[in-house]
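Reviewing the structure listed below.
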């Protein structure tokens, strides 16, 4: 019926904007979310997840204009699953082993803190971005 | 800094409750979230995403008694990646091809709609279930 993903993390790379064949802008970037907690043995634990985020249309343009590597962002979006399996898309790494990643289509992006105090932005119209609007495959971000 | 997954969908199978060697209950089930939209050509489109959900502790034990295949639930949770890659878990299907899955550890579970009236299970203490609790599985 519904699913929603909320991320607060840091950009792992500068965003890259491209255009689909019909001229629609799409911007891709990776976001790292690191969670820390204290384990049962009292040791500090840490885990990082990398998310591959895509933003479309006007949101793509603003992301490309204002975001850069290392910036903290808040993302609200939807997991872009493989339509055939309902799970993450599986690809083949250069060494021949299978890989998969968390692909998120963003419908809200907000800046968090940091330099310039740039305002957050969101694109209500982009909520209508169809889940099937896929990103191109390229190198995994980690 | 933070990641959360919110799901409202239907159980794809009956839940299974197991116990870790330390006696901690963990209930797992698959959940389907179905989304429909109209594409730019005006055609109705549909996509189902599948999630493998784990509910730990007493909340898991309790919910395991109430859930069954087809029931609707709302889940608030966090994504649990493969600890070695930080990405989705990858497995080998019976036909030998590779598959991947979204594994979610629930923080809150609520029954929505359906038979028997609504009941909710919110365990504030279970918010403290550490992400590494997942790795005790299997």
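The values are calculated or read from the model by the stated rules, or taken from the named source; none is laboratory data. Everything quoted here is computed from the prediction, not taken from an experiment. FYI the Cβ positions are ideal-geometry reconstructions off the backbone, even for glycines, and counts take in every protein chain you see.
For segment A:45-88, what are the residues that are outside any strand (DSSP E or B), farther than 19 Å from residue A:13 by Cα and free of Cβ contacts under 8 Å to residues at least 40 places away in the same chain? Hits for segment A:45-88 are A:82, A:84, A:85, A:86, A:87, A:88. Across segment A:89-101, the qualifying residues are those that are in contact with a strand residue (DSSP E or B) (Cβ under 9 Å, 6 or more places away or on another chain) and not in a strand (DSSP E or B), and the one among them that is nearest to the other protein chains (Cβ to nearest Cβ) is A:101.
If you go through segment B:46-65 and keep only what is within 11 Å of residue B:29 (Cα to Cα) and not in a helix (DSSP H, G or I), you end up with B:50, B:51, B:52, B:53, B:54, B:55. The lone criterion from (1) over 19 Å from residue B:12 (Cα atoms); (2) within 9 Å of chain A (Cβ to nearest Cβ); (3) modelled with pLDDT under 95 left unmet by residue B:34 is number (1). Does residue B:73 meet the test of being within 30 Å of residue A:72 (Cβ to Cβ), in contact with a strand residue (DSSP E or B) (Cβ under 9 Å, 6 or more places away or on another chain) and in contact (Cβ under 8 Å) with a residue 40 or more places away in the chain? No, not satisfied. Tell me whether segment A:102-120 contains one or more residues that are within 9 Å of another protein chain (Cβ to nearest Cβ) and at pLDDT 95 or above. Yes, segment A:102-120 has at least one match.
Is there a residue in segment A:13-32 that is more than 7 Å from chain B (Cβ to nearest Cβ) and farther than 30 Å from residue B:46 by Cα? Step through it out loud before you land on a result.
Narrowing segment A:13-32 to residues more than 7 Å from chain B (Cβ to nearest Cβ): A:13-32.
Checking the rest, the ones that are also farther than 30 Å from residue B:46 by Cα come to A:13-14.
Yes; the residues of segment A:13-32 include at least one that is more than 7 Å from chain B (Cβ to nearest Cβ) and farther than 30 Å from residue B:46 by Cα.
Considering segment B:47-89, and only residues there that are in contact with a helix residue (DSSP H, G or I) (Cβ under 6 Å, 6 or more places away or on another chain) and surrounded by 21 or more Cβ atoms within 10 Å (Cβ to Cβ), the residue that is modelled with the lowest pLDDT turns out to be B:59.
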